[in-house]
Amino acid sequence: MAVVGIVIVSHSKQLALGVRELAAQMVQGQVSIAVAAGIEDPENPLGTDPIQVYEAIASVFSDDGVLVLMDLGSALLSAEMAIEFLPEAQQQKVHLCEAPLVEGAIAAVVAAAAGRDIHQVMAEARGALLAKATQLGVVSSPLSVVTPTTTNIESPRREIRLIVSNRLGLHARPAAQFVATAARFQSQILVQNLTRNTELVRGDSINQVTTLGVRQGHELVITATGFDADEAIAALQALFANNFGEDNAALNYPPAFHHTVTPATHGELLGIAASPGVAIAPVVHYQPTHIAITQYHVEDVEAEWQRVQAAIHTARQEIQAVFSQASLQIGDAEAAIFDAQLLFLEDPVLLEAAKERILKHHLNAEAAWQAVVDEVATSYHTLEDSYLQERVVDVVDVGQRVLRLLAGNAPANLHLERPAILVATDLTPSDTARLDPTKVLGICTTSGSATSHSAIIARTLGIPAVLGVDAQVLRLANGTLMALDGESGRAWVEPESHILDLLAAKQSAWQTAQHQARTTAHQPAITRDGRQVSIFANIGSISDVQVAVASGAEGVGLLRTEFLYLDRTSAPTEEEQLAVYQAIAQVLDHRPLIIRTLDVGGDKPLPYLRVDFPEANPFLGWRGIRFCLDHPELFKTQLRAILRASVEHQIKIMLPMIATVSEVRAAKVILGEVQAELNQAGISFDAAMKVGIMVEVPSAVAIADQLAAEVDFFSIGTNDLSQYIMASDRTNPRVANLVDALHPAVLRMVQQTIQAAHAAGISVGLCGELAADTLATPILLGLGLDELSVNPQSIPGVKQAIARLSIVESEAIVASALQQDSAVHVRELISTLVIPPT
């Protein structure tokens, strides 16, 4: 008898094994069923592997055919790739089926066990969901009732009526037994549910038998027509008499089976799950300092306007400091919240409105500023988009900062003496970014939402948070014990011991998982098919490099040296720079260190270097390597410090904002001069130190082949490159949506750069925000990057993402992504083909 093989492809190994077990019970081992599911990564086992699928197909292959059932996304991609590995003659006998995984597998194995050919097996699998729909009454008669075949008038016909006594009727397993038994005989067997007055259906079709909707107590009429009709009826009657081998004792379901929603217990507060994790600690209330505003008339309006400008200037400095710290702690993407606050302070409409209130109406600075901020906040409240309405918190945050400075108040103190759960009405993004996760173990507020910037920051910091709880929490005394579960959105005041035990167990499991993630982060990033990708860190200080190494960085792919030059009245000396570079290299302990030379200019001016003329568009102006080439002594001082630090360390130089070959050559000439000076002075340095460039200007992409002949490596800066390619400023809300590094135009430029680099035999990395976006990881792998450089806190997640992927499937995803017409469609493609970690 012909037997079709079945392959089950799923992202979850447990799911696939469960489906195989269920299907196997239907046919008692009569059908070969293979599983290709999950990946060999204990931390993130979800995924599919084309090689696994290929091996599964080979293990059940027969000339009668193989049916492959898949769950979704990359399972289909993996199955298609697996077929390509087969000999051409075998490829024609393997069929991918879109049927639902569980129902389809059961229907397919029953049909295969009955000796159906591959096309009949596939038809049964495809009809499986319609059978369920009929049972539920979603559709009526979705399956055509098979007309009895014409039989010889001499053929015996037997009929029997039976009452179903199974507690759950003909559910999956009994129905499968019925169909398997009917299929053993040559007679045609038809069944009708008299209780429901259904049509006659074929007894050898699992889908049609299922559509009968047979429950306990229903009466069936079964007819068999053919020479072995007596034997068939007897065998089927025996199944009913034996209750299909089932015990009719009452079923004892666990309480969870009923899916009841339990109300809040005593001392329990229900809120919004905003940041996962468990916290158990005493509460500490946080109440920002209230700023009382008094409106009064002023005579010296110019002096009053100067007060506003001074407060804004100081606020800008504070926000820049928060932004710098936040970039390192939570990443550039989330820290961009504060970038937007800086733009708010530069809004000409807002500034003009405040100025007008002071100059024309003689209002004091505090009252004028508060009035314009209130107007902006009101305009946000009137928006229909709820997400945009929530951005009013950011407006109030920056507005209050300026107001505090005008009033001469000190910043609110968020320093905690001992670990606690912070309770407040709300927290601003600035408040949240200043929190120390070792002291603030949890956050519980009476307002806020899961999409607020404060919630996003809390999630990034790893602080559990439950928002929007009842205001009674504000009346708790400091020191009251609280427990909260940021995953379920619940908090408990003075929780009972059994609640504490449950939460402590959950907290322990979460901490173990976090520890394992950190441990994994110190392993190399290797794809499932064996390709290793270097994962480096982007840093901006000595403390950053310590965090980077602790997070599993294999080196530093971008040391931003601007921190040495800013917030001071003169340029750093050679010795100052040398000390910093040596300290960072020492922490790295012979890991690679790529130092980007000074990247300042019109958009990031140095106060101690005079700019003779203002630039209308500094972003396209005198910055990066252009600035350094025009300040050769400043440039030489930095190059001397870098060269001196290179002794016994793996240091490389990277030049920013390169647009032409002549810029690279000019920089190399200056570097050669510095090397000659050091040689003449008898000062050691690494004469073989490599020199690379940032590829962040479209012209550099266009001549990447020429530039590759001049340098030792490329590092693609997708942040600036995306803006230049799309001719859009990401800080301009009107066009910011265009600035997406996953736009096919940007991806094609990245691909062109990588191909030029590899053709020249040099390595190429990527150090933009895109590198830390795990949604983009398959794209970056498929494009062929040798190295990714990310913020330290992103390293574990990026390494885990790489371990779940293969180069084969990533290249396939890239091939499709490059043909899309927008970043949105690229993201949709990736989301469809790749299953994210749970």
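The values are calculated or read from the model by the stated rules, or taken from the named source; none is laboratory data. Owing to the predicted nature of the structure, the values given are computational and were not obtained by experimental measurement. Because the Cβ atoms are built from the backbone with ideal geometry, glycine has one as well, and the counts that use them run over all protein chains shown. Keep in mind that these areas ignore ligands, DNA and RNA; they rest on the heavy atoms of the full protein, side chains included. Shrake-Rupley method; radii C 1.70, N 1.55, O 1.52, S 1.80 Å.
Can we say N679 is closer than 30 Å to A645 by Cα, assigned to a helix (DSSP H, G or I) and at pLDDT below 95?
no
May I ask you to list the residues in the range 697-715 that are closer than 25 Å to A645 by Cβ and not hydroxyl-bearing (S, T, Y)?
Those that are closer than 25 Å to A645 by Cβ and not hydroxyl-bearing (S, T, Y): E710, V711, D712, F713, F714.
Which one of these does G552 not meet: (1) buried (at least 22 other Cβ atoms within 10 Å of the Cβ); (2) over 22 Å from the mean Cα position of the chain (by Cα); (3) over 20 Å from M654 (Cβ atoms); (4) not charged (D, E, K, R)?
Single failed check for G552: (2).
What number of residues in the range 192-219 are at pLDDT 80 or above, in contact with a Ser or Thr (Cβ under 8 Å, 6 or more places away or on another chain) and open to solvent by less than 20 Å² (accessible area, probe 1.4 Å)?
The qualifying residues number 1.
Looking only at helices (runs of 4 or more DSSP H) that lie completely in the range 693-732, which have at least 3 residues being over 17 Å from I754 (Cα atoms)?
It comes to 718-726.
May I ask you to say which residue of D470, D431, D501 is within 21 Å of D397 (Cβ to Cβ) and open to solvent by 10 Å² or more (accessible area, probe 1.4 Å)?
The match here is D431.
So I33 passes all but one of these: (1) among the β-branched types (V, I, T); (2) within 25 Å of Q92 (Cβ to Cβ); (3) at pLDDT below 90. Which condition number does it fail?
It fails just one condition, (3).
Table: residues versus (1) modelled with pLDDT of 85 or more; (2) on the phi < 0 side of the Ramachandran plot.
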position	(1), (2)
R459	no, yes
G462	no, no
G468	yes, no
L476	yes, yes
G479	yes, no
W492	yes, yes
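If a residue must be touching a helix residue (DSSP H, G or I) at 6+ places or on another chain (Cβ under 8 Å), open to solvent by 10 Å² or more (accessible area, probe 1.4 Å), at pLDDT 85 or above and not hydrophobic (A, V, I, L, M, F, W, C), how many such residues does the range 99-119 contain?
Residues that pass the stated criteria total 3.
Counting just the residues of the range 147-181 that are of a type in the set (V, I, T) and modelled with pLDDT of 85 or more, which one comes out surrounded by the most Cβ atoms within 10 Å (Cβ to Cβ)?
Going through the qualifying residues, I end up with V164.
If you check A232, A281, which single one turns out to be in contact with a strand residue (DSSP E or B) (Cβ under 7 Å, 6 or more places away or on another chain), within 30 Å of L474 (Cβ to Cβ), at pLDDT 85 or above and open to solvent by less than 70 Å² (accessible area, probe 1.4 Å)?
The match here is A281.
Okay, residues lined up against (1) of a type in the set (S, T, Y); (2) part of a loop (DSSP other than H, G, I, E, B); (3) open to solvent by 10 Å² or more (accessible area, probe 1.4 Å):
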site: L747; (1), (2), (3): no, no, no
site: Q751; (1), (2), (3): no, no, yes
site: G761; (1), (2), (3): no, yes, yes
site: P778; (1), (2), (3): no, no, no
site: E809; (1), (2), (3): no, no, no
site: I813; (1), (2), (3): no, no, no
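Condition test on L416, is it touching a strand residue (DSSP E or B) at 6+ places or on another chain (Cβ under 8 Å), open to solvent by 10 Å² or more (accessible area, probe 1.4 Å), at pLDDT 80 or above and over 18 Å from E318 (Cβ atoms)?
Yes: the conditions hold for L416.
How many residues does the range 518-549 hold that are without any contact (Cβ under 8 Å) to a residue 24 or more places away in the chain and open to solvent by less than 10 Å² (accessible area, probe 1.4 Å)?
Of the residues in the range 518-549, 0 are without any contact (Cβ under 8 Å) to a residue 24 or more places away in the chain and open to solvent by less than 10 Å² (accessible area, probe 1.4 Å).
Just a yes or no: is a residue in the range 479-486 open to solvent by 50 Å² or more (accessible area, probe 1.4 Å) and under 12 Å from E268 (Cα atoms)?
No: zero hits.
So, in the range 782-798, how many residues would count as being in a helix (DSSP H, G or I) and open to solvent by 10 Å² or more (accessible area, probe 1.4 Å)?
6
Here is a list: H258, H297. Which entry is open to solvent by 60 Å² or more (accessible area, probe 1.4 Å) and modelled with pLDDT under 75?
So the residue among H258, H297 that is open to solvent by 60 Å² or more (accessible area, probe 1.4 Å) and modelled with pLDDT under 75 is H258.
Can you tell me how many residues within the range 350-365 are over 13 Å from H297 (Cβ atoms) and charged (D, E, K, R)?
3
Cβ-Cβ below 7 Å, separation at least six or inter-chain, first residue in the range 55-68 and assigned to a strand (DSSP E or B), second open to solvent by 60 Å² or more (accessible area, probe 1.4 Å) and modelled with pLDDT of 90 or more: which pairs?
The qualifying pairs are V66/K93.
Name the residues in the range 2-53 that are part of a helix (DSSP H, G or I), buried (at least 18 other Cβ atoms within 10 Å of the Cβ) and of a type in the set (V, I, T), would you?
V19, V27, V53, listed by residue number.
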